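The values are calculated or read from the model by the stated rules, or taken from the named source; none is laboratory data. Small disclaimer: the values here were computed from a predicted structure and weren't measured. We place every Cβ from the backbone using ideal geometry, glycine too, and count neighbours over all the protein chains shown. In case anyone asks, the SASA skips ligands and DNA or RNA and just uses the protein heavy atoms, side chains included. Shrake-Rupley method; radii C 1.70, N 1.55, O 1.52, S 1.80 Å.
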Amino acid sequence: MSHREVKNYITYLPEFRVIVCRFCEIGIPPKNPLRHYEQNHTSKKDHPVAMEIRRKIAEYMATLDLLEPDKIISPRQPVPHLKTIEHGFICNFPGCGQCSISESSMLTHYYIHQKHIPKGFKDWKSTSIQTFFEGHHRKYGKSFVC
């Protein structure tokens, strides 16, 4: 299998220096790309990927100058090939723009803006958002409406 053939499984986004899984539409961390496939694409899950292909993807990724998840700059506009989360939230505090996928995490976030938050307080709105990675690498881009 050539590097061209692995492109049926991944998309390289050179402007962000990220590899995105074509099935999940999320980034694959460059330090351990096989883990993504172990967690998401085994024979018992949707879109299984054979071990030979997983290894070829890891080999291809090693040839690229990819950024680690904590070095990625969040997108400020929709990124093609990246999953869009339709039901996200954005902080309305002036100049903030922090995004999240739950109102409870927005409430927790808002404590950086003010120490006391009254019951029923809500200074955020619904929006569509994207993130390059899931899990502990998750970092949302600024809001945009798709």
Hydrodynamic radius (Kirkwood) for segment 16-91, which is based on Cα pairs only, to one decimal in Å: 13.7
0 to 90° range, to nearest 10: angle between helix 51-62 axis and the chain longest Cα axis: 70
Out of every Cα-Cα pair in the chain, what percent are more than 25 Å apart? 37
Segment 1-141 - charge dipole about Cα centre, Lys and Arg +1 at Cβ, Asp and Glu -1, debye rounded to 20: 140
Can you tell me the length gained on complete extension of the stretch Lys45 to Ile101, counting 0.36 nm per residue apart and subtracting the Cα distance? 17.7 nm
Could you name the aspartates and glutamates whose alpha carbon sits less than 20 Å from that of Lys125, not counting residues in the same chain fewer than 8 places away? Glu86, Glu103
With every protein chain present, what is the per residue accessible area of the chain (1.4 Å probe, Å²)? 61
Loop trypsin sites (Lys or Arg not before Pro), segment 1-88, which have at most 10 other Cβ atoms in a 10 Å radius of their Cβ (DSSP): Lys31, Lys44
Of all lysine pairs in segment 1-123 that are eight or more residues apart or on different chains, those with Cα atoms under 27 Å apart total 19
Tell me, in nm to one decimal, what length is gained between Asp70 and Lys31 on full extension, where the rule is 0.36 nm per residue of separation less the Cα-Cα distance? 12.8 nm
Just subtract the alpha-carbon distance of Lys122 and Glu134 from 0.36 nm times their residue separation and send over the number in nm, one decimal. 1.8 nm
Rounded to the nearest 500 deg cm²/dmol, what is the calculated helix-only ellipticity per residue at 222 nm for the chain, with -39500 (n - 2.57) per DSSP H run of length n ≥ 4? -6000 deg cm²/dmol
At 7 Å along the Cα-to-beta-carbon direction for both Lys115 and Cys24, put a label point, then send me their distance in nm to one decimal. 4.1
What part of the accessible area of the chain, given as a whole %, is carbon or sulfur when the probe is 1.4 angstrom? 51
Neighbour net charge for Met61 - beta-carbon separation under 13 angstrom, K R +1, D E -1: +4
